[in-house]
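The values are calculated or read from the model by the stated rules, or taken from the named source; none is laboratory data. These numbers come from a predicted model, not from an experiment. No Cβ is skipped: glycine too gets one built from the backbone with ideal geometry, and neighbour counts run over all protein chains shown.
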Amino acid sequence: MENRVVITGLGVVAPNGVGLDAFLQAIRNGTSGIEFYPELKELGFSCCIGGIPSVSEELKRAYFTELQLRGFNSSGILYGCMAGMDAWKDAGLSITDETDYDSGTIFGTGTSGVEKFREAVYLLDDKKVKRLGSTVVAQTMASGVSAYLGGILGLGNQVTTNSSACSTGTEAILMGYDRIKAGRARRMLIGSCSDHGAYLWGGFDAMRVLTYKHNDTPEQGSRPMSATASGFVPGSGAGAMVLESLESALERNAPIYGEILGGEVNSGGQRKEGSMTAPNSEAVQRCIRQALENAGIQAADIDTINGHLTATSKDFTEIDNWAKALNLAGNAFPYINSLKSMVGHCLAAAGAIESVACVLQLKHNFIFPNINCEDLNEEIEALISPEKIPQKVIEQDVNIVAKASFGFGDVNACVIFKKYKKI
Amino acid sequence: MSDTAQMMKDLKEIVKPYIQNQEAFENLKEDTDFINDLKINSANLVDVVLDIEDKFDIEIDNDSMDKMLNVKAALDIINSKIAAR
């Protein structure tokens, strides 16, 4: 028999809140974590605003030893380990000297340790290869974050890193879900993280997909679904969840945040209007429909959608795809929100941070507000009722949340979260 | 303080962040082995060598590094590199 899969722990390091309590409060209140960064202006960026979690040196030392922090310069691994360790603790799990063969991790990222890599490149070009020391490889290998977490927590099941651009975190959830469902692991710590800063964000600035209109008004910069959306705001951070077989969770008497009913990952193959950077709508709709089918739910069962919704011209296309896939429009359309209005687009970390927000909505019965869309995009308004795009927090019972993420490479992921009930 | 005693003290300071056996560290002697006694992760030995290079303004070649397994060997190599400077 296949295992049911539940969520027993959460961790988050987001631009508008580090730690679950701070993050929960921030998303309820619609608090922006976007700030102006003078170093971006100094470097000649068009977009000089971004989202960076606030982590003090003191806080770092609550998670890492002095030795681990020697020569440490990988913000993504820092955020990932913090979120992962928090989720582990939140699930009531302990760290022992034994290897835990029942627990693994799939912790994704896009790139790892770009600033560390930059340090290394300078030394290498200066013919000082020996000066790299022992710390470059572990911090710049793509699987750095899962390797760190595996060691810290003593994980003995699969320990790996997935990577599918901005759908990475959502994909990780489904990969962990599959492994537990199939009985190959009892617990999987899943999540994703992303570095912050110029060396990661520069490529996006060059593509002119970031907004350059809000350098003086950073908190208003990230405007998903707004008529004045003008590109996304880059973010960073990490989100993490402990996924567990229901059997294991009940045995341990663990707190249960919710259940994963299923989902789907696919790709548009960069055919039709799909490309490296744009989604093939047919594939997006197919992904959503298949996710519902795999989860065994109807479109009308969805209380609220957490979209990808980055604040580009593609927001309308995304909502159009949801409407077509669900065959719902106007007032019948579920509520929809985008966390990116508060934290920006956290790139590879987006799916995981946003999924943590989804699960908090289930657990605490609210729908967090969208900010910066007081001037709704007219096409979107014509398609779905404006009241389905909450601009103030809605306190109501939330039973089912649908979450989707889409990424470069024309890749899609959609997961269905449900409040846990015994039967 | 003799030169050797001072050098021991400097070396002790250098290895301090990497050691995982406090007792062996506190009783650091000439025959203390970096990996077996101090339990320094073998990957971190390269970092110890870099820190030694910085502290004593010397360069340690690969052959010398391979021999630097305990305190005495390290002191000998540091001394010979300083002498050759």
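Some notes on this structure:
- Any hit, segment A:279-288, residues being surrounded by 24 or more Cβ atoms within 10 Å (Cβ to Cβ), within 18 Å of A:Ser164 (Cβ to Cβ) and out of contact with any strand residue (DSSP E or B) (no Cβ under 6 Å at 6 or more places or on another chain): no
- Selection from segment A:296-317 of residues that are in contact with a Leu (Cβ under 6 Å, 6 or more places away or on another chain) and over 25 Å from A:Glu395 (Cβ atoms): A:Asp315
- Members of segment A:361-414 that are part of a helix (DSSP H, G or I) and either out of contact with any Gly (no Cβ under 6 Å at 6 or more places or on another chain) or not assigned by TED's automatic domain parsing to the domain that holds A:Asp315 (or both): A:Gln361, A:Lys363, A:His364, A:Glu378, A:Glu379, A:Ile380, A:Glu381, A:Ala382, A:Leu383, A:Pro386, A:Glu387, A:Lys388
- Across segment A:178-197, the number of residues qualifying as surrounded by 24 or more Cβ atoms within 10 Å (Cβ to Cβ) and closer than 24 Å to A:Cys346 by Cβ comes to 9.
- Any hit, segment A:115-125, residues being in contact with a Leu (Cβ under 8 Å, 6 or more places away or on another chain), closer than 28 Å to A:Ala22 by Cα and in the same structural domain as A:Gly237 (by TED's automatic domain parsing): no
- Pairs linking a residue in segment B:44-68 that is within 10 Å of chain A (Cβ to nearest Cβ) to a residue that is among the hydroxyl-bearing types (Ser, Thr, Tyr), with Cβ atoms under 7 Å and 6 or more positions apart or on different chains, are B:Asn44/A:Ser134; B:Asn44/B:Tyr18; B:Val46/A:Ser134; B:Asp47/A:Ser134; B:Asp47/B:Tyr18; B:Val48/B:Tyr18.
- Selection status of A:Ser146, of a type outside the set (A, V, I, L, M) and either assigned to a helix (DSSP H, G or I) or more than 14 Å from chain B (Cβ to nearest Cβ) (or both): yes
- Restricting attention to segment A:112-138 and to residues that are surrounded by fewer than 17 Cβ atoms within 10 Å (Cβ to Cβ) and within 30 Å of A:Ala87 (Cβ to Cβ), the residue that is nearest to the other protein chains (Cβ to nearest Cβ) turns out to be A:Val137.
- For B:Lys39: the one exception among (1) on the phi < 0 side of the Ramachandran plot; (2) within 13 Å of another protein chain (Cβ to nearest Cβ): (1)
- Residue that is within 14 Å of another protein chain (Cβ to nearest Cβ) and within 22 Å of A:Gly191 (Cα to Cα), where the choices are A:Phe64, A:Phe107: A:Phe64
- With respect to the conditions (1) within 27 Å of the chain's Cα centre (by Cα); (2) among the small types (Gly, Ala, Ser); (3) part of a helix (DSSP H, G or I), A:Ala120 lacks only one, and its number is (1).
- Test: A:Asn266 is closer than 24 Å to A:Ala22 by Cβ and touching a Cys at 6+ places or on another chain (Cβ under 8 Å): no
- Taken over segment B:14-36, the criterion of being away from chain A (no Cβ under 14 Å) and under 13 Å from the mean Cα position of the chain (by Cα) is satisfied by B:Leu28, B:Lys29, B:Glu30, B:Asp31, B:Thr32, B:Asp33.
- Lone qualifier among A:Gly44, A:Gly104 - being within 22 Å of A:Glu171 (Cα to Cα) and either without any contact (Cβ under 8 Å) to a residue 24 or more places away in the chain or not acidic (Asp, Glu) (or both): A:Gly104
- Entirely in segment A:1-86, the strands (runs of 3 or more DSSP E) that have 3 or more residues that are touching a Gly at 6+ places or on another chain (Cβ under 8 Å) and buried (at least 16 other Cβ atoms within 10 Å of the Cβ): A:5-14, A:49-51
- Any hit, segment B:2-9, residues being out of contact with any Lys or Arg (no Cβ under 9 Å at 6 or more places or on another chain) and closer than 28 Å to A:Ala138 by Cα: no
- Residues within segment A:47-72 that are in contact (Cβ under 8 Å) with a residue 24 or more places away in the chain and not polar (S, T, N, Q), tallied: 12
Each row is one residue, and each column tells you yes or no for (1) over 19 Å from the mean Cα position of the chain (by Cα); (2) more than 14 Å from every other protein chain (Cβ to nearest Cβ); (3) under 30 Å from A:Leu174 (Cα atoms).
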site: A:Arg4; (1), (2), (3): yes, yes, yes
site: A:Gln25; (1), (2), (3): no, yes, yes
site: A:Phe36; (1), (2), (3): yes, yes, no
site: A:Glu39; (1), (2), (3): yes, yes, no
site: A:Pro53; (1), (2), (3): no, yes, yes
site: A:Gly71; (1), (2), (3): yes, no, no
site: A:Ile95; (1), (2), (3): yes, yes, yes
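- Filtered by the rule that a residue be surrounded by 15 or more Cβ atoms within 10 Å (Cβ to Cβ) and more than 30 Å from A:Met175 (Cβ to Cβ), segment A:394-417 gives a lone residue, A:Ile394.
- Index of the failed condition, A:Glu219 passing every other in (1) touching a Gly at 6+ places or on another chain (Cβ under 7 Å); (2) among the charged types (D, E, K, R); (3) under 24 Å from A:Gly30 (Cβ atoms): (1)
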